[in-house]
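What follows is a structure written as structure tokens; I'll ask about it next.
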Amino acid sequence: MTILIALLIVGWVAAAAIGTQAYFRGEQSKPIHERNWRSESFEKLSESITGSKIDYSDRVPAFSVDAYGSNNLPN
């Protein structure tokens, strides 16, 4: 019984780690919303989890309104 519980815990931790990597790698490349366009906390968290920097040549605003809004955000 303890082996089964330990196996479930290890499997859950592995799935959580893989899911987190997949989420942040996906977030680094998909269209970005205005709220995260210049978010230093998102960049730091993403880089610490994935170990890779965000490539801004792949990132585009999600909507044209976001493109306008992101240009008007303070640095």
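In the stretch 44-59, what count of residues is obtained for those that are charged (D, E, K, R), at pLDDT below 80 and out of contact with any helix residue (DSSP H, G or I) (no Cβ under 9 Å at 6 or more places or on another chain)? Full working, then the answer.
Initial filter on the stretch 44-59 (charged (D, E, K, R)): 44, 47, 53, 55, 58-59.
Now drop any that are not at pLDDT below 80, which leaves 53, 55, 58-59.
Now drop any that are not out of contact with any helix residue (DSSP H, G or I) (no Cβ under 9 Å at 6 or more places or on another chain), which leaves none.
The total comes to 0.
Hey, another quick one. Quick test for you: out of ARG25, ARG38, pick the one residue that is surrounded by 10 or more Cβ atoms within 10 Å (Cβ to Cβ), part of a helix (DSSP H, G or I), basic (Lys, Arg) and modelled with pLDDT under 70.
ARG25
The values are calculated or read from the model by the stated rules, or taken from the named source; none is laboratory data. Everything numeric here is computed off the predicted structure, so don't read it as measured data. For neighbour counting, all protein chains shown are included, and Cβ atoms are generated from backbone atoms with ideal geometry for every residue, glycine included.
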